[in-house]
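*Asks:* Structure provided below as structure tokens; questions to follow.
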Amino acid sequence: MRYDARTERWTPMEIRGVKGFFSDVRIDKDTVPDVFRFWELADGDSDGMPCRYRPGILVNFFGTFITTGDMPVDDEKSRSGYIEPEDWTFIGSYSYPFRFVMDSISEKEVKQDEDLWLLPYFNRQTEH
């Protein structure tokens, strides 16, 4: 089952220097606005930590990651990237409704600075 991005909560996350938002459920890509890049994360066989990302993950699904910035791709054929334990972190401990993510961006901001839209969420102290 895939869920609507607009009804889920999103946690700020950084992978390999790219900031974005994470959800631990499978998101229907058609519910994600075009300003975002869409990636699914896979975990290792037994460690429960993300180890790779690509546009679609079938096995060992860990979560969904959206960002306005491009992710580095290690394997062009599969459009995959690999994640070492030190390559990722959650930023803060709060999750936010999708409307807060959307309220913080505009196409002008995305074109000027891909990380600008994330800044209000990476320093919040209280959950909304």
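The values are calculated or read from the model by the stated rules, or taken from the named source; none is laboratory data. Computed from a predicted structure; not experimentally measured. Cβ atoms come from the backbone with ideal geometry, glycine included; neighbour counts cover every protein chain shown. The area values use the complete protein model at the heavy-atom level, side chains included, leaving out ligands, DNA and RNA. Shrake-Rupley method; radii C 1.70, N 1.55, O 1.52, S 1.80 Å.
*Asks:* Taking the options Ser46, Ser78, Ser93, name whichever one is of a type in the set (S, T, N, Q), part of a loop (DSSP other than H, G, I, E, B) and either under 12 Å from Ile15 (Cβ atoms) or modelled with pLDDT of 85 or more (or both).
*Replies:* It is Ser78.
*Asks:* Would you point out the residue of region 75-94, among those that are in contact with an Asp or Glu (Cβ under 7 Å, 6 or more places away or on another chain) and buried (at least 17 other Cβ atoms within 10 Å of the Cβ), that is nearest to Phe21 (Cα to Cα)?
*Replies:* That would be Ile91.
Okay, residues lined up against (1) among the aliphatic types (A, V, I, L, M); (2) over 14 Å from the mean Cα position of the chain (by Cα); (3) surrounded by fewer than 18 Cβ atoms within 10 Å (Cβ to Cβ):
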residue: Gly17; (1), (2), (3): no, no, yes
residue: Val32; (1), (2), (3): yes, no, yes
residue: Val35; (1), (2), (3): yes, no, yes
residue: Val59; (1), (2), (3): yes, yes, yes
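*Asks:* Here's something else I'd like to know. If only one of Trp10, Trp39 is open to solvent by less than 40 Å² (accessible area, probe 1.4 Å), within 13 Å of the chain's Cα centre (by Cα) and under 18 Å from Tyr94 (Cα atoms), which one is it?
*Replies:* Sole residue among the options that is open to solvent by less than 40 Å² (accessible area, probe 1.4 Å), within 13 Å of the chain's Cα centre (by Cα) and under 18 Å from Tyr94 (Cα atoms): Trp10.
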